[in-house]
Structure formats: C-alpha cells, structure tokens
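The block underneath contains the structure these notes are about, expressed in structure tokens.
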Amino acid sequence: MKVLLRNPRRELDVPGPVAVHALLERLSIKRESVLVIRADTLVTGDAVLHDDDVVEIRPVISGGAA
Amino acid sequence: MRCRRCKAPAVIELRRHNAGFCGDCFLHHCREQVRRAIDDHAMIGAGERVLVAVSGGKDSLALWDILLDLGHSVDGLYLGLGIGDYSTSSAAYARAFAARRGANLVEIDLPADLGFDIPTGSRAAKRVPCSACGLSKRHLFNQAAVDGGYDVVATGHNLDDEAAVLFGNVLRWNTEYLGRQLPVLPAGQGFVRKVKPLVRLGEREMAAYCVLRGIDYIVEECPMAEGNRHLAYKEALNDIEERSPGAKAAFYFEFLDKASHLFTSTADAAKADLRPCSSCGSATPGETCAFCKLRARATAASS
C-alpha cells in the first residue's frame with residue numbers, strides 16, 4: 001500500500017495486510033498524535049489495510065506558544 | 001469497533017473515553033463538548049457577539065464551525081503574520097471556510113497594516129518567533145474586538161494546548177501564569193472577555209472533526225514553530241497518554257478543580273499594577289506595552 005506521511009511530506013510502500021495500530025507501531029508513530037485516513041475516510045486502529053490501499057497518516061500536533 | 005451511541009461501525013476511537021464513534025455521533029460529541037464548556041464556564045451569554053481568532057488551522061476553523069452550528073453570532077478574525085507561503089496558504093483556508101459558510105471574516109495584515117512581519121519582529125525584539133507571534137495576536141485580537149464592538153474573543157486552544165501550557169508553567173512554577181490559566185478570562189481594564197470553548201476536546205478530535213465535516217485546513221506546521229518548547233511538551237504528554245489514556249484530561253481538569261484557585265491572588269496582584277500604555281492606551285505594567293515596544297523595534301529594523 002502507499003502510505004503518505006506529512007511534515008515533511010513523503011511516501012512509503014508498505015506490504016499489506018496490516019492492522020492500523022500495527023502499522024503505526026512499525027513506523028514508531030504514537031496513536032494519539034495522528035489520524036489515519038483511507039479514501040477520505042477515518043479508520044480506527046483495528047481496521048485492516050490492504051496492498052491496494054492509499055493511506056494518509058496525518059499529524060495532529062500543532063501550534064506554537066508564547 | 002462499534003459506535004458507543006448507535007452501534008454503527010466506528011470511524012474514530014477515543015481511548016480517553018474508552019469509546020468509538022461513527023461519523024455522525026462523533027460530530028454530535030464534539031458539539032456537545034463545546035456546548036458543555038460554554039455552559040459550565042459561562043463563556044458566552046445570550047445575544048453576545050463573538051469574534052473567533054482564525055488561523056486557517058484545524059482548531060480555529062472547527063471552533064468557528066461549531067459556534068455557528070450552535071447558533072452563536074460569530075465573525076472570524078484572521079491575522080496575516082507575514083510568514084511567507086505559510087501565511088498565504090493559511091489565509092486562503094480561512095477565506096475559503098468563510099465563503100463556504102457565508103460567514104464574515106475580518107482581516108488584519110501585520111506587514112500592510114502595522115508595518116512589520118513576525119520574522120522581522122522576533123529578530124528585532126530578540127524574542128523567539130512564537131513569543132512575538134503570541135504577543136501580537138493577543139494585542140491585536142483584543143483591539144479588533146474592542147474596535148468592532150464584540151463582547152467575546154474565542155480562541156481555538158484545545159485540551160492538548162492547555163495541558164502543554166500547564167505542564168510548562170508547572171515545570172517552572174510560574175505562579176502568575178498558573179493563576180491566569182483558565183478557560184475564561186473576564187473582561188476588564190480594556191480587555192474583552194476571552195474564552196476557550198475547545199478545552200474539553202483534544203487536537204486529534206479537532207482534526208477528525210475537520211476531516212468528517214469536509215473542512216480543508218492547513219496541515220503543515222508553521223515553519224517558525226519547528227522545535228519549540230510547546231511542541232516538545234505536547235510530545236512528552238502524548239508519551240504519557242499512550243501508556244495512560246486520560247492522563248492529559250486529568251492533569252488539566254484536576255488542576256482547574258483543585259489547584260488553580262491557589263494561584264489567582266498572584267495573578268490578581270500583577271493585574272492591580274497595570275496602567276495605560278503611553279502609546280496605544282492598552283493596560284500594561286510598564287510605561288509602554290510589550291506590543292508597542294515590539295512594533296517600534298520591528299519597524300525601525302525594517303526601515
């Protein structure tokens with residue numbers, strides 16, 4: 001599957017099937033800090049991603065502070 | 001995973017609530033959390049005019065959307081910071097949202113209207129960029145609200161923002177800031193009321209809200225915020241949250257319930273020493289307010 005990552009923007013090829021939480025663990029990404037989006041739809045940690053999926057892992061942490 | 005409310009397939013899991021939600025029930029959850037924050041802390045009275053500070057990011061656009069849906073009278077205020085392509089893009093997202101909702105967006109442009117930008121201002125005043133930016137926002141949002149006759153300024157600070165600021169203030173035992181770290185700052189001394197209606201929602205929830213509502217927002221981080229302390233605190237708290245879901249909410253809300261009142265006298269004492277700025281008239285502890293000093297240094301450096 002194609003996995004799009006942001007900040008910086010980059011793309012990875014990852015073999016499926018793999019559960020969302022396992023994919024995040026493999027990439028050392030904390031669940032609390034991202035959303036996983038497949039075909040414009042959010043997916044939960046137990047969803048299984050397949051070879052032909054295109055997945056965005058979108059960071060949600062933002063903001064500066066004085 | 002199934003939705004806690006309607007048992008349809010869930011699209012998001014909130015470990016803090018030990019629950020999953022389908023799209024519709026999640027949007028309902030977000031609106032209810034905002035409604036509850038507004039009611040619990042008496043943030044917005046009936047018929048009051050609200051100015052929401054809009055950055056083009058997920059939190060402020062989601063806040064504007066929810067406040068409109070809850071029936072409040074809300075205009076947006078976008079402040080152009082002069083941070084290159086980032087400012088150009090973020091302004092476009094704010095304008096697109098306003099057009100889509102038929103809402104009124106007030107705009108102030110730091111370079112065009114005040115003669116400096118944040119990169120120049122931070123260098124000239126020897127402040128980190130986030131400090132110069134935050135100072136400018138606080139001053140100009142309040143000024144715009146006073147000038148426009150608004151009763152309330154609403155900002156998109158969410159639970160993660162508040163927990164991270166609290167973490168930083170506790171690390172340094174900054175008692176004056178701890179005394180002011182409240183979801184509502186009352187009006188007075190030339191300041192309109194400031195409210196944070198998103199304090200019951202985390203930033204992951206706000207990003208999910210925007211995805212589910214089809215709200216486009218700037219996903220890229222501000223280039224000037226890279227590596228700042230606030231982001232490091234958020235990452236540290238997310239490490240704790242990963243092991244102990246609900247830790248961030250407990251840290252912040254237990255502070256409000258059990259400790260914030262211990263610091264209000266320090267904050268009140270600091271407020272008692274304020275006087276009008278000799279340049280703009282805003283309340284300040286010195287002769288000239290911090291924003292006017294920043295602007296003077298920045299415009300001198302620009303000329």
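Among the conditions (1) closer than 24 Å to B:C277 by Cα; (2) within 14 Å of chain A (Cβ to nearest Cβ), the only one that B:R172 does not satisfy is (1).
In the set B:A187, B:A225, only one residue is more than 9 Å from chain A (Cβ to nearest Cβ), more than 25 Å from B:G20 (Cβ to Cβ) and of a type in the set (G, A, S); that residue is B:A187.
A quick yes/no check of all residues on (1) over 26 Å from B:A232 (Cβ atoms); (2) polar (S, T, N, Q):
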position	(1), (2)
A:L4	no, no
A:R26	no, no
A:L35	no, no
A:T44	yes, yes
A:A47	yes, no
A:D53	yes, no
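Check the range A:46-56 and report whether any residue there is at pLDDT 95 or above, within 27 Å of B:S55 (Cα to Cα) and outside any helix (DSSP H, G or I). Among the residues of the range A:46-56, at least one is at pLDDT 95 or above, within 27 Å of B:S55 (Cα to Cα) and outside any helix (DSSP H, G or I), which makes the answer yes.
Restricting B:L110, B:L105, B:L140 to those that are within 14 Å of chain A (Cβ to nearest Cβ), over 30 Å from A:E32 (Cα atoms) and not aromatic (F, W, Y) reduces the list to B:L140.
Output the residue which, of all residues in the range B:5-39 that are assigned to a helix (DSSP H, G or I) and of a type in the set (D, E, K, R), is farthest from the other protein chains (Cβ to nearest Cβ). Quick ask: steps written out before the conclusion?
Step one: of the range B:5-39, the residues assigned to a helix (DSSP H, G or I) are B:15-17, B:23-39.
So of that shortlist, the ones also of a type in the set (D, E, K, R) come out as B:15-16, B:24, B:31-32, B:35-36, B:39.
Details: B:R15: 7, B:R16: 9, B:D24: 13, B:R31: 17, B:E32: 19, B:R35: 23, B:R36: 22, B:D39: 26 Å.
So the residue we want is B:D39.
Does the range A:19-45 hold any residues that are more than 11 Å from the chain's Cα centre (by Cα), within 11 Å of another protein chain (Cβ to nearest Cβ) and assigned to a loop (DSSP other than H, G, I, E, B), and which are they? Scanning the range A:19-45 gives a single hit, A:D40. Which one is nearest to the chain's Cα centre (by Cα) among residues in the range B:231-274 that are of a type in the set (K, R) and surrounded by fewer than 12 Cβ atoms within 10 Å (Cβ to Cβ)? Among those that are of a type in the set (K, R) and surrounded by fewer than 12 Cβ atoms within 10 Å (Cβ to Cβ), it is B:K258. Out of all the residues in the range B:213-229, is one or more outside any loop (DSSP other than H, G, I, E, B) and either on the phi > 0 side of the Ramachandran plot or buried (at least 20 other Cβ atoms within 10 Å of the Cβ) (or both)? Checked the range B:213-229: no residue is outside any loop (DSSP other than H, G, I, E, B) and either on the phi > 0 side of the Ramachandran plot or buried (at least 20 other Cβ atoms within 10 Å of the Cβ) (or both).
The values are calculated or read from the model by the stated rules, or taken from the named source; none is laboratory data. Computed from a predicted structure; not experimentally measured. Note: ideal-geometry Cβ built from the backbone for every residue, glycine included; neighbour counts use all protein chains shown.
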